[in-house]
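First up is the structure itself, then whatever we jot down about it.
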Amino acid sequence: DNSEFSIQGDIDTNDASNITADLTGLIKFDLDMAKEPFRKFNNLLKNSKLSGRMVASFNLKGNLSDLTRSAIDAEISSESLFIYGLKIDNFNMGYLQRNGIMDIVHMHSSLYGGTLDATGRIDFVSKDLPYQISADIKGVKIEKIKKDTVFKDKDISGSLQAHFGVKGFSGDLSRLVAWGKVNILNGKLWQSNLFQGMGTLLFKRDFSSVVFKEGSCNFSIKERYAFINDL
């Protein structure tokens, strides 16, 4: 499965039903091949098309038959990740797990000329695997990110800043709740569906060269509906 690992420490096998360990190590693995540790997230991994090669240095203490309840400290990195067709470079994340609760202490990556910083939490104990994420995006270039989206042939550009939060349950997008604010500097957006229709209403002449010096809006998502305020 193209995995590599180096592990040292103690494993207690006196009780076959409760094999405990105190380990430190380094693991290299491909996300799309590592199905067993992430079996609870199979639907999420499949839907998001998450892939990439990961490197994780870790300390683990607990029952090897129930890793979700073990105590784990880890630093995880990747040169490149892919999620929903988007590329994330220079990924680095601090991971802390206690009593079935996973905390993303910090996460930083490069993203299409800008940066992505985030924190979050996942509850492995609860049946529905509730999660929450808070993130900041700064300096993302729309002309770069559009190449990996359905807007790749559109003449759109600008610099994107955003702060947002997300709460939900793994594998159930119907209960996804999100909120945040988006800012766009020097935005050329008229070929996007929303602004193309707006431009037709506002301008009598060609408006394709009009540039937003600064634009912003608040947004929220709840019960599969998206709401935009203060545009």
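For the range 123-178 versus the range 1-32, the inter-centroid distance based on Cα atoms is 33 Å. For LYS87, a cut-off of 17 angstrom between C-alpha atoms picks up these aspartates and glutamates, skipping any fewer than 8 places away in its own chain: ASP30, ASP32, GLU79, ASP117, ASP136, GLU143, ASP148.
Given the convex hull over the Cα atoms of the range 79-185, what projected area results after averaging over all orientations, in nm²?
Working: hull surface 29.3 nm².
Averaging across all directions leaves 7.3 nm² for the Cα convex hull.
The 3J(HN,Hα) values that the Karplus relation (6.51, -1.76, 1.60; θ = phi - 60°) gives for the range 122-129 are, in residue order, 10, 9, 6, 6, 5, 4, 8, 6 Hz. Gly and Pro appear as x.
Highest mean first, the peptides 108-121, 57-70 sorted by other C-beta atoms within 10 Å per residue fall in the order 108-121, 57-70. Where Lys and Arg each count +1 and Asp and Glu each count -1, what net charge lies around HIS106 among other residues with Cβ under 11 Å from its Cβ? Local net charge: -3. Evaluating 6.51 cos²θ - 1.76 cosθ + 1.60 at θ = phi - 60° for every residue in the range 59-75, the Karplus couplings come out as 10, 10, 9, x, 7, 5, 7, 9, 5, 5, 9, 6, 8, 9, 10, 8, 10 Hz, glycine and proline recorded as x.
For the range 85-100, 3J(HN,Hα) computed residue by residue from phi via the Karplus equation (6.51, -1.76, 1.60; θ = phi - 60°) reads x, 9, 9, 10, 9, 6, 6, 9, 9, x, 10, 10, 10, 9, 6, x Hz, glycine and proline entered as x. Summed over all non-identical Cα pairs, the Kirkwood treatment of the range 72-112 gives a radius of 11.0 Å. Near LEU176: Cβ cut-off under 11 Å, other residues only, Lys/Arg at +1 and Asp/Glu at -1. The net charge is +2.
Summing +1 for each Lys or Arg and -1 for each Asp or Glu among the other residues whose beta-carbon sits under 13 angstrom from that of LYS222 gives +2. At the residue level, ILE184 shows approximately 30 square angstrom of accessible surface with a 1.4 angstrom probe and all protein chains present.
The values are calculated or read from the model by the stated rules, or taken from the named source; none is laboratory data. Just so you know, these numbers come straight off a predicted model, no measurement behind them. As a convention, Cβ positions derive from the backbone with ideal geometry for all residues, glycine included, and neighbour counts pool all protein chains shown. When the accessible area is computed, the model is the full protein with side chains, heavy atoms only, and any ligands, DNA or RNA have been set aside. Shrake-Rupley method; radii C 1.70, N 1.55, O 1.52, S 1.80 Å.
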